[in-house]
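To start, the structure itself, in structure tokens.
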């Protein structure tokens, strides 16, 4: 365990740092690549997407992903805690079934269905992303809390801890790696779905891609795609790092 | 505290109570249908009560009474069975009511008039189905029983669709306008998924076997496939466009292009590889060494051991990888419409770009149905494969 731990960790360090550097360079430096895109695509009048700044789009993209993920963690986390308490156990099977079945629904279809219900704009995107992110969060919350060994809970009871204290000081810390895995799945899916949300009127990094596809401007497509891909890789690498810390911390 | 002890003692199913409350609130307060003179104007709401006409309309709501009674009755096996039937019949009955009332509304209106499902319909139908799902779980219904019940509800709705009873609803008017386009889109969608599966299996299965046998292969392949899986689909489609377009320009007449089905199939394959390679390797890793040794002791050749021992034992895990792959590919193929690959996504995005909401439904609902159907079919396959493995001595079904 300790012998093999070093090499992958160095690889991860590299992936996160390299990704972060690449992301920042792409977001800030894209305008200075204009001559490059002009050379690559000589037939395009406008080789650089300039309707919105990439900084603005990146921040909006992250805000949409962050808000929906946060809402999903709060709602899904509470639901997961509720159904693992004695008073909520009756709802557990239903919640798990909905979480499993819901994840077979393609995210893009859920996003599209939000429009007939709520209209165009960032709000339907936010709702659709939140709903979709709920599913892996709930699933892993329940699985994580379920995986806490019964003897540990008995010991906590024996020490005279109250149920709230047991939840926050024993169950949630022990379940943290599994919960984090669910959050990671949710966030990564949301980074991709948020990009597609440009088709329902949310201004995200998908906007240059959609505009480029509709107007046959390949330069726009590449600019948006590079940044959103870098963003996803960086966030995933960040979660990898976080998971490593958490595992070491919970094994202490 | 003790003001209403009877209510407490007579409450037997709190899940059904929550769903019954949702049905009651939706029936009272939410619009059941929306009726618009044409598809550009926003509709006026039609309540459930306005949509119920005549005795057959009332009859369609009778299963709803069972749903309202369920929370307060003892959850015997018979009653749970009745609840499952009632939940399914209630949802199908709501669709029937909607179709009947849409036809009535269409009689006095122009051909451009639109009747669509509104929030009340969705809430009530979902509550009915969820009550049934929960009752099936309480009853301990197995995979086959659940599929049969789900199939029966789907059959009831399909029957209404086939008989033309729902034709006056806007989503079906939209369908009638583009019957051929729709059939082509479904076929195209399925073809894209199938076309991606061929290279995925041809490359993924040998790669998974290699990763199982040689650890270094897994160490090299999995981080790479994980990164691919992380990249958003729309970005991967976009990034494949330029190189393919350049390649097509270099090889005129080759048919290679940056848009259309080719980049879609390449991207779908790249995404599909991870679950296939991973589950092939994990499935083979899970074959117990004593079983292999016993086979060797019986004089089986390595080839026979692989075909008769390794493959059947690894099959359930492999099939769950295939399930993830197919369900994921159905969704990704919808996104591929953005790069001109066609399929149901094309109808969906056409609706989104033209603000035609019924068109969005016509594209998105079948995508969901395809994904759910693929999931259900492969689940049956997994259950069958697991059952076969479970018969082997020394290994219990997971």
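We did not get these values from a lab; they are worked out from the coordinates using the rules stated. Since the model is a prediction, treat every value here as computed from it, not as a measurement. Heads up, the Cβs are rebuilt from the backbone with ideal geometry, glycines too, and the neighbour counts pull from every protein chain shown.
Within segment A:164-204, what residues put their amide N at less than 16 Å from the label point 7 Å along the Cα-to-Cβ vector of residue A:153?
Counting backbone N atoms under 16 Å from the label point, the list is A:164-176.
Contact order normalised by length for segment A:2-251, with contacts defined as Cα pairs under 8 Å and 6 or more residues apart; what percent is it?
Computed over segment A:2-251, the figure is 27 percent.
Using only alpha carbon pairs under 8 Å that are at least six residues apart, calculate the relative contact order of segment A:31-137 and give it in whole percent.
32 percent
Separation of segment B:51-88 and segment A:35-104 by C-alpha centroid, Å?
38 Å
Please list log₁₀ I(q)/I(0) at q = 0.24, 0.30 Å⁻¹ for segment B:157-212, using the Debye equation with identical point scatterers on the alpha-carbon positions.
-0.94, -1.06
Summarise the partner chain shielding of B:181-187 as one whole number: the mean count of Cβ atoms from other chains within 10 Å of each residue's Cβ.
The shielding value for this peptide is 0.
On C-alpha positions alone, give me the angle between the axis of helix B:14-29 and the longest principal axis of chain B, in degrees, nearest 10.
The angle comes out near 50 degrees.
If one takes the longest principal axis of the Cα atoms in chain A, at what angle in degrees, from 0 to 90 and to the nearest 10, does the Cα axis of helix A:92-102 lie?
20 degrees
For segment B:346-386 and segment A:112-130, what is the separation of their Cα centres, given in Å?
About 18 Å separates the Cα centre of segment B:346-386 from the one of segment A:112-130.
What Kirkwood hydrodynamic radius do you get for chain B when you take the inverse of the mean 1/r over all pairs of distinct Cα atoms, in Å?
Over chain B, the inverse of the mean reciprocal pair distance is 24.6 Å.
Take each of the peptides B:169-177, B:101-109, B:257-265, average the number of other beta-carbon atoms within 10 Å over its residues, and list them starting from the highest.
B:257-265, B:169-177, B:101-109
Using only Cα positions of the protein assembly as shown, each an equal point scatterer, no hydration layer, compute I(q)/I(0) via Debye at q = 0.05 Å⁻¹ and quote the log10 values to two decimals.
Summing over Cα pairs of the protein assembly as shown leads to -0.26.
By average Cβ neighbour count within 10 Å, what is the ranking of B:185-194, B:42-51, A:149-158 from highest down?
Output ranking for B:185-194, B:42-51, A:149-158: B:185-194, B:42-51, A:149-158.
Mean projection of the alpha-carbon convex hull of segment A:2-251 over all orientations, in nm²?
16.4 nm²
To the nearest whole number, what is the average tally of beta carbon atoms from other chains within 10 Å of the beta carbons of peptide A:97-103?
3
What FRET efficiency do you get for residue B:148 and residue A:34 if R0 is 45 Å and r is their Cβ-Cβ distance, rounded to the nearest 0.05?
In this case the efficiency is close to 0.15.
Cα centroids of segment B:194-247 and segment A:141-168: how far apart, whole angstrom?
42 Å
Return the average number of partner chain Cβ atoms within 10 angstrom of each residue Cβ along peptide B:215-224.
Average neighbour count from other chains, rounded to a whole number: 1.
Given the peptides A:98-110, B:221-233, A:191-203, arrange them by the average over their residues of other C-beta atoms within 10 Å, most packed first.
A:191-203, A:98-110, B:221-233
In Å, the Kirkwood hydrodynamic radius of segment A:190-252 over pairs of distinct alpha carbons?
Here the Kirkwood hydrodynamic radius works out to 13.1 Å.
Modelled label-to-label distance, residue B:246 and residue B:28, 7 Å Cα→beta-carbon offset: nm?
With each label placed 7 Å out from Cα toward Cβ, I get 6.6 nm.
So what's the angle, to the nearest 10 degrees on a 0 to 90 scale, between helix B:215-230 and the longest Cα principal axis of chain B?
30 degrees
Over 25 Å apart: what share of the alpha carbon pairs of segment B:1-160 falls there, rounded to a whole percent?
37 percent
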